[in-house]
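So the structure is just underneath, and the comments pick up after that.
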Amino acid sequence: MSGKTTPMMEQYHALKQQAEGCLLFYRMGDFFELFFDDAKQAASILDIALTARGKDSGDPVPMCGVPVHAAEGYLARLIKAGCRVAIAEQVETPEQAKQRAKREGTPSSKALVKRDIVRFVTAGTLTEEALLEPRRANMLAAVCEVRGSIGIASCDISTGRMVLESCDPGNLHAALARVGASEIITPDDWAGRLEDTISRPKSDFGSDDGERRLKTLHEVKTLDGFGDFDRAMLAAAGGLISYLEHVGRGDLPLLLPPRVRAGESQLSMDEATRASLEILTSQQGGRQGSLIAAIDRCVTGAGARQLADDLSAPLCDMAAISGRLALVHYLHQDPLLRADLRDVLRLLPDIGRALGRVVAGRGSPRDLGQIRDGLAEARRVRDFLSHKPDRPVLLESLLPLMGGHGALVDLMQRALVAAPPTERQNGGFIAEGYDASLDELRQVSGNARRAIAALEARYRDDTGIASLKIKHNGVLGYFIEVPARHADTLMAPDSGFTHRQTMKGAVRFNSLSLHEEAGRISEAGGHALAAEEEHFEMLAAQVVAARQEIAATADALSRIDVSAGQAERAAEGDWCRPQISEDTVLAIVGGRHPVVEAALAQAGDRFVANDCTLVPEDRLWLIGGPNMGGKSTFLRQNALIVLLAQAGGYVPAESAQIGLVDRLFSRVGASDNLARGRSTFMVEMVETAAILSQATDRSFVILDEVGRGTSTYDGLALAWAVVEAVHENNRCRCLFATHYHELSRLADRCDALSLHHVRAREWKGDLVLLHELANGPADRSYGLAVARLAGISKQVVARAKSVLDKLEKGRAKTGGLAAGLGDLPLFAAVQADDDEPGDPVREKLSELDIDALSPREALEILYEIKRAAEST
Ligand code: ADP
């Protein structure tokens, strides 16, 4: 291969090296260009043309580009597709490059504009309005381990909220599932421990360093005022902040003082439980069909994000839950107040995200305008609410956070125009009357503009050319233009016009007067822009200084929006205020499943409400009945009611008494989890094992057809053992749905277990599912009837029926599938046996693989066993 690398390509390669695996957006004029593999990848994701440019080392260079003004949309798609992007901007003008070349003694034709990576755009570090979903937080998390404890630092940099927590390595996945980060950072020695993470140098994750950074950032001598942070949390915070510094090339985004996520005051749920309850996303992956989609009535994006946070981390603390419930109640019982309040909130701009952009140095005049309007609106909300009587405690504590910005709001109201633009460089956002010298500059350029208009009229008169125009463009500035056929008049040496450019069909001129007026405009304009820029900086600095108070205001408004939304939802669906207690009762009357109910309502069907009453003496319900009978729905609705209640909201039921749940578990037998490369049955068992080891007597567990993922005998045996273990060991409240009839025998042996079923009736040969829960065991299995219902042909069902009859006859002879199960010793007794010193002879025998023994070995072992037997 021949050929050489051009200076530009050299510069490109150097920048690409710094981009560390990100796509490199290389600024060239009005485009960001991508080269080589980056170009191929981006062209296919964005579906844009892949071209080639020149040659590098003899080969054509693949290239594609996106226009700078439309870059945000393309960035959004690349980020969605899982890419990270480094933006290399031109950091000097071509003019500056030429002068530099001259100073350095290189020919100016070779001068290459200097470029630098000014920013990394990654999924977790977005602040742009266009790239964020208004109703979803965008989380970035850093994870590390310090002496056996996992530290997690997470933040939503679009609003600056930062949370630190620590947990045991075993709970890492559950914690990360709760955070739901779109980008996770780990130290480089974690390679392979978590999937899809960004590796950063281990040295970034020092706890001393993290502590120091947090102190500097928030200008405090000690972090005690923010919370009690352990080493693992601080180390994770260190990793997070260094990464943010890295992607911002030294600039930090908005970071509010960190808060500790206190594990014990929260309802804990693991990854599988979250997925199966479809809290924020449905099993299909979208928001549609999820719990939040069915209950979210927030009128602001910030409220919706707060609600998502509440649902991801329900509380486990009586006082905190009651506080939230009292506020929902307050807004529930006064529909007029609620409607008025929601009308006001609806107008609120997203203060939190505007603040995030301003602090990150990417704020626009429009962001300042939003903060101004949002804060002014907050004061109105406060004034409105403070006239209402009997305010609940939580509201009382929120009101003071919503005022207090008087001076700042006043300043911004005077300084900014009503609707400031999103672009900062063209000015036009500082209001008239705010700065006298700015007004004067504007007047000068206004006058000069008028003078130019007058000049145009005069020149037309003087020359008699009616089509003469004074125009403006970026290259020439102001000029006089006439059609080519009139050019001679102005070309005359004594005409007072000087020729500038000949175009096809038109000729352009300058004149002394025009030059003077144009000079005035550009000078005054330049000064005016500089003045506006200065005002912007000053206003932004004031906002940055007040960031904590502004964020607190935004949070207070979100809380009010969430509560009003919950009250609204409750009113719509006739929901009730749950009674929270410290005991282990779960008594729900007329409970419903919010998602299924909404789906049925759309189809014009009615949801059948069901009761659930778990008390210490009757805490495990075994639920049978036909497939499609409503077992899963019943299980989940009760779990969701617990979750909603502990998130501090009303619940879809007539009444609900909920003894605080410490851990919530939901398992569905053999759910489709092949994507992760484990067999479904394996997954089912791993997940069930977690329950058996973690559920306490304060937990609530729903198990749906556990044991389904394997053969009948295995499955029944496992289901049997799991029920026994839950009953005897965990002693938690539990709903267990199963199609194994045989399990009903457990009712005789487990005194806190009772049998229930979903009702069905056969009517004229058709199965009617009543979706109604009743006491007692299911009378029989309805598999064939369900198959018929599902559209399996009559012939196949009839054939199945005859096979079934045969099977059942055979079973009757041997005593049935579960024959003999009743004679098993109780689970507790088995466990006691396990603790006894084992019988060596039995042990030896049970280890033997007889088929693998040679006769000689067998004889040897026989001697051994005889010896052992004689010695005991
Ligand atoms: P199972 O777990 O017993 O197979 P599901 O809970 O999956 O049954 O319910 C099957 C379907 O029956 C649901 O998709 C829903 O349409 C309907 N259904 C379930 N419970 C109810 C109910 N309580 N009222 C009305 N329809 C229900």
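The values are calculated or read from the model by the stated rules, or taken from the named source; none is laboratory data. Note that this is a predicted model, so its numbers are computed, not measured. Neighbour counts are summed over all protein chains in view; Cβ atoms, including those assigned to glycine, are modelled from backbone coordinates with ideal geometry. Surface accessibility is based on the protein's heavy atoms, side chains included, excluding ligands, DNA and RNA. Shrake-Rupley method; radii C 1.70, N 1.55, O 1.52, S 1.80 Å.
Structure notes:
- Among the residues of segment 307-337, the ones that are polar (S, T, N, Q) and open to solvent by 20 Å² or more (accessible area, probe 1.4 Å) come to 2 in all.
- Search result, residues across segment 277-306 that are small (Gly, Ala, Ser), in contact with a helix residue (DSSP H, G or I) (Cβ under 6 Å, 6 or more places away or on another chain) and open to solvent by less than 20 Å² (accessible area, probe 1.4 Å): Ala294, Gly303
- For Leu718: the one exception among (1) in a loop (DSSP other than H, G, I, E, B); (2) open to solvent by 30 Å² or more (accessible area, probe 1.4 Å): (1)
- Residues satisfying the stated conditions in segment 356-372, i.e. modelled with pLDDT under 95 and charged (D, E, K, R): Arg357, Arg362
- Test: Ile691 is at pLDDT 85 or above, buried (at least 18 other Cβ atoms within 10 Å of the Cβ) and in a strand (DSSP E or B): no
- Filtered by the rule that a residue be not in a strand (DSSP E or B) and not charged (D, E, K, R), segment 141-160 gives Gly148, Ile157, Ser158, Thr159, Gly160.
Quick grid of which residues meet (1) outside the structural domain of Ile371 (by TED's automatic domain parsing); (2) crowded, with 22+ Cβ neighbours inside 10 Å:
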site: Glu533; (1), (2): yes, no
site: Leu539; (1), (2): yes, yes
site: Asp555; (1), (2): no, no
site: Gly565; (1), (2): no, yes
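- Verdict on Ala645 being closer than 27 Å to Gly303 by Cβ, surrounded by fewer than 24 Cβ atoms within 10 Å (Cβ to Cβ) and either in the same structural domain as Asp583 (by TED's automatic domain parsing) or within 13 Å of the ligand (Cβ to nearest atom) (or both): no
- Residue in segment 386-403 that is surrounded by fewer than 23 Cβ atoms within 10 Å (Cβ to Cβ), closer than 30 Å to Gly433 by Cβ and among the small types (Gly, Ala, Ser) present: yes
- Yes/no for Pro421 being open to solvent by less than 70 Å² (accessible area, probe 1.4 Å), not assigned by TED's automatic domain parsing to the domain that holds Ala319 and not small (Gly, Ala, Ser): yes
- Within segment 732-833, helices (runs of 4 or more DSSP H) holding 3 or more residues that are open to solvent by less than 70 Å² (accessible area, probe 1.4 Å), more than 16 Å from the ligand (Cβ to nearest atom) and at pLDDT 80 or above: 746-749
- Residues satisfying the stated conditions in segment 225-242, i.e. surrounded by fewer than 23 Cβ atoms within 10 Å (Cβ to Cβ) and at pLDDT 90 or above: Asp230, Arg231, Ser242
Here's the yes/no breakdown for (1) among the hydrophobic types (A, V, I, L, M, F, W, C); (2) open to solvent by less than 30 Å² (accessible area, probe 1.4 Å); (3) not in a helix (DSSP H, G or I):
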| residue | (1), (2), (3) |
| --- | --- |
| Thr186 | no, yes, yes |
| Glu195 | no, no, yes |
| Glu211 | no, no, no |
| Leu217 | yes, no, no |
| Thr222 | no, no, yes |
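- Single condition Asp340 does not satisfy, out of (1) open to solvent by 40 Å² or more (accessible area, probe 1.4 Å); (2) assigned to a loop (DSSP other than H, G, I, E, B): (2)
Per-residue answers, yes or no, for (1) touching a His at 6+ places or on another chain (Cβ under 7 Å); (2) closer than 21 Å to Gln566 by Cβ; (3) near the ligand (Cβ under 8 Å from one of its atoms); (4) open to solvent by 30 Å² or more (accessible area, probe 1.4 Å):
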| position | (1), (2), (3), (4) |
| --- | --- |
| Asp583 | no, no, no, yes |
| Leu600 | no, no, yes, yes |
| Ala603 | no, no, no, yes |
| Ala609 | no, yes, yes, yes |
| Leu620 | yes, no, no, no |
| Gly625 | yes, no, yes, no |
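- Phe509 satisfies every condition listed in (1) assigned by TED's automatic domain parsing to the domain that holds His757; (2) touching a strand residue (DSSP E or B) at 6+ places or on another chain (Cβ under 6 Å) except (1).
- For first residues located in segment 763-779 and more than 24 Å from Gly590 (Cβ to Cβ) and in contact (Cβ under 8 Å) with a residue 12 or more places away in the chain, partners that are part of a loop (DSSP other than H, G, I, E, B) and near the ligand (Cβ under 9 Å from one of its atoms) and lie 6+ apart or on another chain with Cβ distances below 8 Å form the pairs Leu767/Pro626.
- The number of residues in segment 242-276 that are assigned to a loop (DSSP other than H, G, I, E, B), within 30 Å of Gly361 (Cβ to Cβ) and touching a helix residue (DSSP H, G or I) at 6+ places or on another chain (Cβ under 9 Å) comes to 10.
- The set of residues in segment 474-488 that are in a loop (DSSP other than H, G, I, E, B), surrounded by fewer than 12 Cβ atoms within 10 Å (Cβ to Cβ) and not β-branched (Val, Ile, Thr) contains only Gly474.
- In segment 19-71, residue modelled with the lowest pLDDT [restricted to those that are among the hydroxyl-bearing types (Ser, Thr, Tyr) and closer than 23 Å to Lys4 by Cα]: Ser57
- The residues of segment 627-642 that are within 11 Å of the ligand (Cβ to nearest atom) and out of contact with any helix residue (DSSP H, G or I) (no Cβ under 7 Å at 6 or more places or on another chain), listed by number, are Gly629, Gly630, Lys631, Ser632, Phe634, Leu635, Gln637.
- Of all the numbered requirements in (1) at pLDDT 85 or above; (2) buried (at least 16 other Cβ atoms within 10 Å of the Cβ), Ala111 misses one, and that requirement is (1).
- Residue in segment 365-380 that is under 26 Å from Ala320 (Cα atoms) and in a helix (DSSP H, G or I) present: yes
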